[in-house]
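The values are calculated or read from the model by the stated rules, or taken from the named source; none is laboratory data. What you see is a predicted model; the values in this text were computed from it and never measured. Note that each Cβ is placed from the backbone with ideal geometry, even for glycine, and that neighbours are counted across all protein chains shown. Please note that ligands, DNA and RNA were not included when accessible areas were found on the heavy atoms of the full protein model with its side chains. Shrake-Rupley method; radii C 1.70, N 1.55, O 1.52, S 1.80 Å.
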Amino acid sequence: QVQLVESGGGLVRPGGSLRLSCAASGSISSIYVMDWYRQAPGKQRELVATITNTGSTNYADSVKGRFTISRDNAKNTVYLQMISLKPEDTAVYYCKVVVVATDAKVPRDYWGQGTQVTVSS
């Protein structure tokens, strides 16, 4: 089994910063793409940022220049550094990781439990 544990959410004022972490553990053979999604109340879940196992990144237009995704392969952890936060960034943030488990031959998606980010004065 593979588990994902997220941390780092909270309440921050507009213009502030937060850093989210998502650590994968368990029977992991390899990790491919690692993503951050978010879901605001009444809205669909949206892809925020992606990082491949080679370090290539991609961002939603709404967060370009403000969010940075990174990963530490030795720790099986993905991060999302968020600066210049806006009220519209308020959402539950989820990590998604594509993993090949040690007892599997094909990759599958695993989701974190979600962490609340609230941007408000």
Name the residue that is nearest to residue 2 (Cα to Cα), counting only residues in the stretch 103-121 that are touching a Gly at 6+ places or on another chain (Cβ under 9 Å) and of a type in the set (S, T, N, Q). 115
Taking the stretch 102-121 and keeping only residues that are part of a strand (DSSP E or B) and open to solvent by 10 Å² or more (accessible area, probe 1.4 Å), one is left with 108, 109, 110, 111, 115, 116, 118
